[in-house]
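The values are calculated or read from the model by the stated rules, or taken from the named source; none is laboratory data. What you see is a predicted model, and the numbers here were worked out from it, not measured in a lab. Every residue, glycine as well, gets a Cβ built from its backbone with ideal geometry; the counts of neighbours run over all protein chains shown.
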Amino acid sequence: MLEVEGVSKRFGGFVAVDAVSLTVAKKQIAAVIGPNGAGKSTFFNLITGHLRPDAGRVVLEGRDITAAPPHRICRMGMGRSFQRTNIFPQLTVFENVQAAYIAHRGRGTNFWASSAALYRDETTALLQQVGLADKANEAASALSHGNQKQVELGIALACDPEILLLDEPTAGMSAAETRDSIKLLQHLAEKFGLTLLFTEHDMEVVFSIAEKIMVLHQGRVIAEGTPDEVQRNAEVRRIYLGERK
Amino acid sequence: MTRPLINRIPWTLIVFLVLLPVPFLGSRFYTFVATDIVILSLFATSLNLLLGTTGLVTFGHAAYFSIGAYTTALLMKNLGFPFLPSWIAGGLMAAGFALVFGFFCVRLTKIYFAMLTLAFAQIVWAICFKWNDVTGGEQGLPNVPYPGLDWMEVLPLIGDLRVSDKFYYVALALVALCYAALRRITLSPFGRVLTVIRDNPERAQFIGVNVRLYELAAFMVSGAFAGLSGALFGIFNRGVFPDFAFWTKSAEPLIMTILGGMAHFWGPAVGAAALILLNQQITSYTEYWPFVLGGVLIVLLFVFPGGIVGTLTKLGRRIGGRDA
């Protein structure tokens, strides 16, 4: 599904991501973890086209997408959510998701029809899925943080993704919100047959749903494998899980 | 989900009908002011497609206003073209230049975008100012003819009016058509994509929007309507002059839009009316008009950041006691 081959990124003299490779199989749920500054977000930005790698390749379903512009990568079936909530604040919840349908399905070139009823059924159904049906007409900026994350998920899903990249999907959430949103994610992944790749610092979340975990530290991969393997890895325990010698 | 009532009212038609009797109020001056407002409100509303809808701040909108004005004036005065094709040509020429200038502008963001629009506008101004053979240079193009309006004689009531009153009707009808078109564009799927870019360009890319391309399209459409309004203004003004392209002319629609409220489709039009009426009133009392204008703007920005229309809708909602 997604193959990342030895991507690197340098900012000045600082190597943020150093020859990182990762393969995610179809319908797999994979996580990238690592301490702050490990290069997780940079790694994501390299995959999604926001940054151009200095070396390496990114291949999505057999197609080389290295350094393709984000809007093209999105159309190839990669959805993404962001670490800091990233929605369209002045639009209503309905309009947020509807806009994603319009944009992703290439209807934005129509400047003469009315947009009011466009994709209304799809949008309403999707809002139901992500649990926002009752908030459709509220301004997105007025929602709680947890609800905004749901909006963001709705936007990502409207783009009909095969694979969803989630950068810290539960960042800033309460324990209850985290539990709910993880349940929701799992449910949606199953329902839509999605492949998930996410970063997270809540270990409970990671080990509860990830099938494959990659650990980054200072831009390098220090471990990769099933949750069990990673948990047993001595180096991971030392630098990441906080066990001191 | 039904559309709120307020969106279903055909505002363009209502405003058009309300403005129809102006020439019958009996004063040449009223018609003059009304024509001024109608034409310049289109200029401001065209700017708001960029400012309020797409979130792009431009300091160089006068470029397209003046290109439309010069094109139409040259065609009518020097080549003897009839009005309607000349007017449309003015819009198309402005759109063409907006496409070329915009191609470079959308490569930059925020203040750099704004500065580049200003730079292009100043280039246009310099050309208008110096190219004596075509634009008349500093002297401009005086005596732009009125359109042939003899056909209006058959119309009841209007047939007997002065030519400036008849031209008011031409301008009103054409501007109303432009408003209808701009409104449609704003509410279309294309318009929705523009609002998405305004709200969050980074996220817009990741729902599959080619942000630069859409910004360029908005820039071109906006330039076209600015050109159409400039073309009408040149005729109304009985002449086209280089200061149509000067940067202070670019500030006018910006002030109108901020005064009226850029979050609302009708904000710029209300702002245009308010600015021009205020100007007329205050200049008859004092020569310190810019001082008053500055004061009004400061109060507005701090106390009513949504502009006139923004403040009114907020009030309306509070009185109506409903969330919309």
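Take B:V270 and tell me if it is within 14 Å of chain A (Cβ to nearest Cβ), under 14 Å from the mean Cα position of the chain (by Cα), surrounded by 19 or more Cβ atoms within 10 Å (Cβ to Cβ) and part of a helix (DSSP H, G or I).
no
If we scan the range B:226-235, do we find a residue that is surrounded by fewer than 22 Cβ atoms within 10 Å (Cβ to Cβ) and not in a loop (DSSP other than H, G, I, E, B)?
No, that holds for no residue.
So is A:A113 within 9 Å of chain B (Cβ to nearest Cβ), closer than 22 Å to A:Q148 by Cα and small (G, A, S) or not?
No.
Looking only at the range B:137-194, filter to residues that are farther than 19 Å from B:G227 by Cβ and among the β-branched types (V, I, T); which one of those is surrounded by the most Cβ atoms within 10 Å (Cβ to Cβ)?
B:V193
Yes/no matrix, rows are residues, columns are (1) closer than 15 Å to B:L84 by Cβ; (2) in a loop (DSSP other than H, G, I, E, B):
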residue	(1), (2)
B:Y146	yes, yes
B:E153	no, no
B:G159	no, no
B:D165	no, no
B:Y168	no, no
B:A173	yes, no
B:A176	no, no
B:Y179	no, no
B:L182	no, no
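Tally the residues that are crowded, with 18+ Cβ neighbours inside 10 Å and within 10 Å of another protein chain (Cβ to nearest Cβ), restricting the search to the range A:116-163.
Residues in the range A:116-163 being crowded, with 18+ Cβ neighbours inside 10 Å and within 10 Å of another protein chain (Cβ to nearest Cβ): 10 in total.
Scan the range B:161-196 for residues that are closer than 19 Å to B:Y30 by Cα and either among the acidic types (D, E) or within 14 Å of chain A (Cβ to nearest Cβ) (or both) and jot them down.
Within the range B:161-196, B:D165 is the sole residue that qualifies.
Consider only pairs whose beta carbons are under 7 Å apart and that are at least six residues apart or on different chains; among these, list those whose first residue lies in the range A:86-97 and is without any contact (Cβ under 8 Å) to a residue 12 or more places away in the chain and more than 7 Å from chain B (Cβ to nearest Cβ) and whose second residue is surrounded by fewer than 20 Cβ atoms within 10 Å (Cβ to Cβ) and not acidic (D, E).
Hits for this filter: zero, empty list.
Residue check, A:G56 against (1) away from chain B (no Cβ under 13 Å); (2) assigned to a loop (DSSP other than H, G, I, E, B); (3) under 25 Å from A:A19 (Cα atoms), all met but one. Which one?
It fails just one condition, (2).
Which of the residues that make up the range A:51-97 are in contact with an Asp or Glu (Cβ under 8 Å, 6 or more places away or on another chain), over 23 Å from A:G193 (Cβ atoms) and surrounded by fewer than 23 Cβ atoms within 10 Å (Cβ to Cβ)?
Passing the criteria: A:G56, A:R57, A:Q83, A:T85, A:N86, A:P89, A:Q90, A:L91, A:T92.
Only residues that are hydrophobic (A, V, I, L, M, F, W, C) and out of contact with any strand residue (DSSP E or B) (no Cβ under 6 Å at 6 or more places or on another chain): list them for the range A:175-191, please.
Matches in the range A:175-191: A:A175, A:A176, A:I182, A:L184, A:L185, A:L188.
Residues in the range B:167-209 that are more than 27 Å from A:E95 (Cα to Cα) and not aromatic (F, W, Y): how many?
Result for the range B:167-209: 8.
Would you check if there is a residue in the range B:106-115 being in a loop (DSSP other than H, G, I, E, B) and touching a Phe, Trp or Tyr at 6+ places or on another chain (Cβ under 9 Å)?
Yes, some residue in the range B:106-115 is in a loop (DSSP other than H, G, I, E, B) and touching a Phe, Trp or Tyr at 6+ places or on another chain (Cβ under 9 Å).
Return a yes/no flag: does the range A:2-15 have any residue that is modelled with pLDDT of 90 or more, assigned to a loop (DSSP other than H, G, I, E, B) and either more than 30 Å from B:G55 (Cβ to Cβ) or basic (K, R) (or both).
Within the range A:2-15, none of the residues are modelled with pLDDT of 90 or more, assigned to a loop (DSSP other than H, G, I, E, B) and either more than 30 Å from B:G55 (Cβ to Cβ) or basic (K, R) (or both).
Does the range B:102-109 include one or more residues that are exposed (fewer than 15 other Cβ atoms within 10 Å of the Cβ) and within 14 Å of another protein chain (Cβ to nearest Cβ)?
So far as the range B:102-109 goes, yes, one or more of its residues are exposed (fewer than 15 other Cβ atoms within 10 Å of the Cβ) and within 14 Å of another protein chain (Cβ to nearest Cβ).
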